[in-house]
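Let me begin by handing over the structure; questions about it come next.
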Amino acid sequence: MPPEVRIFLDEMKVPGVLATLRPDGSPITSAVWYALHGDAIVISTPAARPKARNVRNDGRVSFVVDTKEMPYRGVAIEGVAEAVEDPDKEIMFAISRRYLGPDLPERIYERAAQGDRTVIRIRPTRVRPWNIPPAR
């Protein structure tokens with residue numbers, strides 16, 4: 001992943017859009033919070049959610065993060081995802097802190113107590129940025 005894309009993704013505190021494939025091959029999108037883990041993008045979701053099931057069946061995904069104001073900037077990433085367990089919910093808490101800061105609200109802990117979480121780990125195979133300046 002180019003350094004400027006890593007910087008852009010790390011600085012953006014907006015949801016990304018994850019596209020997975022249903023069992024019949026049709027796409028479905030979801031707005032998700034994310035974080036970077038090395039060159040992988042990680043997303044935490046309840047284990048029973050369709051996006052987790054879809055990734056277990058077919059790891060081909062796409063992921064988009066973009067600004068909502070002009071001049072528009074963003075990145076579209078195609079990749080292969082894997083679903084991995086997060087029994088201690090460490091990734092979920094790390095992603096939550098990325099968006100909400102170090103003092104998490106009680107609702108995050110309540111959500112964590114509701115059941116198993118799965119981490120979707122995306123390994124990019126194609127990265128297509130637009131209007132992202134080169135890293136210095």
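The values are calculated or read from the model by the stated rules, or taken from the named source; none is laboratory data. Note that the coordinates shown come from a computational prediction; the quantities given were computed from them, not determined experimentally. Ideal geometry is used to build each Cβ from the backbone, glycine not excepted, and the neighbour counts take in all protein chains shown.
So that you can scan it fast, the table gives a plain yes or no per residue for (1) in contact with a Pro (Cβ under 7 Å, 6 or more places away or on another chain); (2) of a type in the set (S, T, N, Q); (3) at pLDDT below 95; (4) on the phi < 0 side of the Ramachandran plot:
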{"site": "N57", "(1), (2), (3), (4)": "yes, yes, no, yes"}
{"site": "E90", "(1), (2), (3), (4)": "no, no, yes, yes"}
{"site": "F93", "(1), (2), (3), (4)": "no, no, yes, yes"}
{"site": "Y99", "(1), (2), (3), (4)": "no, no, yes, yes"}
{"site": "P124", "(1), (2), (3), (4)": "no, no, no, yes"}
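Which is closer than 26 Å to P129 by Cα and among the acidic types (D, E), of D39, D86, D103?
Details: D86 fails: closer than 26 Å to P129 by Cα; D103 fails: closer than 26 Å to P129 by Cα.
After ruling out the rest, the residue left standing is D39.
Out of V119, V55, V61, V65, which single residue is assigned to a helix (DSSP H, G or I), buried (at least 19 other Cβ atoms within 10 Å of the Cβ) and either over 13 Å from the mean Cα position of the chain (by Cα) or among the aliphatic types (A, V, I, L, M) (or both)?
Values: V119 fails: assigned to a helix (DSSP H, G or I); V61 fails: assigned to a helix (DSSP H, G or I); V65 fails: assigned to a helix (DSSP H, G or I).
Going through V119, V55, V61, V65 in turn, just one is assigned to a helix (DSSP H, G or I), buried (at least 19 other Cβ atoms within 10 Å of the Cβ) and either over 13 Å from the mean Cα position of the chain (by Cα) or among the aliphatic types (A, V, I, L, M) (or both): V55.
Considering (1) surrounded by 11 or more Cβ atoms within 10 Å (Cβ to Cβ); (2) under 19 Å from M1 (Cβ atoms); (3) out of contact with any Phe, Trp or Tyr (no Cβ under 7 Å at 6 or more places or on another chain), say which one V42 fails and leave the rest.
Going through the list (1) surrounded by 11 or more Cβ atoms within 10 Å (Cβ to Cβ); (2) under 19 Å from M1 (Cβ atoms); (3) out of contact with any Phe, Trp or Tyr (no Cβ under 7 Å at 6 or more places or on another chain), V42 breaks only (3).
Suppose we keep only residues that are in a helix (DSSP H, G or I) and charged (D, E, K, R) within the range 1-43. Which one would you say is nearest to R123 (Cα to Cα)? Walk me through it before giving the result.
Here is the first cut: in the range 1-43, the residues in a helix (DSSP H, G or I) are 3-11.
Going one step further and asking which of them are charged (D, E, K, R), we end up with 4, 6, 10-11.
On the way: E4: 17, R6: 13, D10: 16, E11: 19 Å.
The qualifying residue nearest to R123 (Cα to Cα) is R6.
Within the range 1-57, can you find the residues that are β-branched (V, I, T) and farther than 18 Å from V80 by Cβ? Please lay out each step first, then the result.
Step one: of the range 1-57, the residues β-branched (V, I, T) are 5, 7, 14, 17, 20, 28-29, 32, 41-43, 45, 55.
Those that are β-branched (V, I, T) and farther than 18 Å from V80 by Cβ: I7, V14.
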